Amino acid sequence: MTTEISTSINIKEPRWDQGTFVGRAKHFFTVTDPRNVLLTNEQLENAHKVISDYRQGVVCPGLTEDELWRAKYIFDSAFHPDTGEKMILIGRMSAQVPMNMTITGCMMTFYKTTPAVVLWQWINQSFNAIVNYTNRSGDAPLSVNQLGTAYVSATTGAVATALGLNALTKHISPLVGRLVPFAAVAAANCINIPLMRQRELKHGIPITDENDNRLGESTNAAQQAISQVVVSRILMASPGMAIPPFLMNALEKKAFLKKFPWMSAPIQVGLVGFCLVFATPLCCALFPQKSSMSVSRLEAELQEKIRASHPGVERVYFNKGL
């Protein structure tokens, strides 16, 4: 049974303890809930109003704690934590499962011909570029030139990797060939994410103390943040791209798929989707969203600045992005 809420709930932080993997997993199961992509603009704006009002000490009559947290997660699913801007629909984490299951399933079904490899790797990296830009850390945008250069470089790298691996596996088992898209995606993530977030590596990302007081921008923090995101994204893709190939390899030897070969793509998409429903939030939860590092690991100049102006600060915090 829900009760009327107090005005002292800290909605700046997630509902569950982010110091534990279980708490982070609960948080990201809510953030990546695919049902959030179906929310209307009216529902998003209503959640935005509820959260904005609450932060100013204004509570809607009859609002319960559960309703407040629901509004908080709707708000977080659609608005960037640093800029406050409404994010592009397909770039939101709630769109990861439906978008990735479709693209990944098709990549793994249509991997035998060069045109198919180029098409689906291009689609995948275009989607990844949107996601990486949408979920970047910090509040400074990339210029159009930087964005274009990063997109072309990342997409070209991914397609070249996939074609190169495909050429190497032409004379080996079909099962190994099915794993080529995963190898290409893993390699492409190492290219795409740093390129789409290159401004952070050059100029740093905002760092704060534990009370959210901004202390400056750090490139060392950006390197840690982007490294963690690359690891999470590769592991996120692993179950959906490593498990279905074995199942599909076995299923295609059965009478059903021999009789109905057109069912191969829908089955593969469904298998990938099932894996992603769990892999997406669990891999997002590997590292805290509000990441931290010791002041001693920052750039020397920034260390001096912080120790002079905030002598008691030993750790700094930053949004690592997703």
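Quote the FRET efficiency, to the nearest 0.05, computed for Thr113 versus Ile90 with a Förster distance R0 of 30 Å and r equal to the Cβ-Cβ distance.
For R0 = 30 Å, the calculated efficiency reads 0.70.
Give me the 1.4 Å probe accessible area per residue for the chain, excluding ligands and nucleic acids, in Å².
Ligands and nucleic acids excluded, the figure is 48 Å² per residue.
Report, in debye and to the nearest 20, how large the dipole of the stretch 21-86 comes out about its Cα centre when Lys and Arg carry +1 and Asp and Glu carry -1 on their Cβ.
180
Determine, at each q value in 0.23 (inverse angstroms), the log₁₀ of I(q)/I(0) that the Debye formula gives when each Cα of the stretch 207-280 is one equal point scatterer.
Each listed q maps to, in turn, -0.98.
Just want the answer: with Cβ charges of +1 for Lys and Arg and -1 for Asp and Glu, which residue in Met236, Gly270, Leu165 is farthest toward the dipole's positive end in the chain?
Leu165
Arranged from highest to lowest average of other beta-carbon atoms within 10 Å per residue, in what order do the peptides 197-206, 11-20, 254-263 appear?
197-206, 11-20, 254-263
Let me know the shape class of the chain, please: from the alpha-carbon gyration tensor, a ≥ b ≥ c as square roots of the eigenvalues, rounded when a/c is under 1.5, otherwise prolate if a/b is greater than b/c, or oblate.
It is oblate, given that a/c is not under 1.5 and a/b is not larger than b/c.
If a paramagnetic tag sat 7 Å from the Cα of Trp16 along the Cα-Cβ line, which residues of the stretch 80-120 would have the backbone N under 19 Å from that point?
It comes to 93-97, nothing else.
Order 227-239, 210-222 from most to least packed using the mean count of other Cβ atoms within 10 Å.
Top to bottom by mean Cβ count within 10 Å: 227-239, 210-222.
I'd like the distance between the alpha-carbon centres of the stretch 34-75 and the stretch 240-283, rounded to an integer number of Å.
Comparing the Cα centres of the stretch 34-75 and the stretch 240-283, I get a distance of 37 Å.
Between Lys258 and Arg307, what length in nm is gained on full extension when 0.36 nm per residue of separation is reduced by their alpha carbon distance?
Value of the extension gain: 10.7 nm.
Place a point 7 Å from the Cα of Ser294 along the Cα-to-Cβ direction; which residues of the stretch 302-317 have their backbone N under 14 Å from it?
So the set is 314-316.
Residues with beta-carbon under 15 Å from that of Val295, excluding Val295: net charge, scoring Lys, Arg +1 and Asp, Glu -1?
My count for the surroundings of Val295 gives -2.
With viscosity set to 1.567 mPa s and temperature to 4 °C, compute the Stokes-Einstein D of the stretch 21-86, Rh being the Kirkwood radius across alpha carbon pairs; µm²/s, no decimals.
103
Please list, or write none, the lysines whose alpha carbon is within less than 26 Å of the alpha carbon of Lys253, excluding same-chain residues fewer than 8 places away.
Within the straight-line limit of under 26 Å, Lys253 reaches these lysines: Lys112, Lys170.
Roughly how many debye, to the nearest 20, is the charge dipole of the chain about its Cα centre, given +1 on each Lys and Arg Cβ, -1 on each Asp and Glu Cβ, and no other charges?
Charge dipole of the chain: 1420 debye, to the nearest 20.
In a solvent-free Debye calculation with one equal scatterer on each Cα, what is log10 I(q)/I(0) for the stretch 241-322 at q = 0.11, 0.23 Å⁻¹, listed in the order of the q values?
Those come out to -0.55, -1.03, one per q.
Note down the nm distance, to one decimal, between modelled labels 7 Å out along Cα→Cβ at Val58 and at Thr219.
Simple spin-label model gives 4.4 nm for this pair.
The values are calculated or read from the model by the stated rules, or taken from the named source; none is laboratory data. If you're wondering where the values come from, they're calculated on a predicted model, not measured in any experiment. With ideal geometry, Cβ positions are generated from the backbone for all residues, glycine too; neighbour counts draw on all protein chains shown. Ligands, DNA and RNA are excluded from the accessible area calculation, which covers all protein heavy atoms including side chains. Shrake-Rupley method; radii C 1.70, N 1.55, O 1.52, S 1.80 Å.
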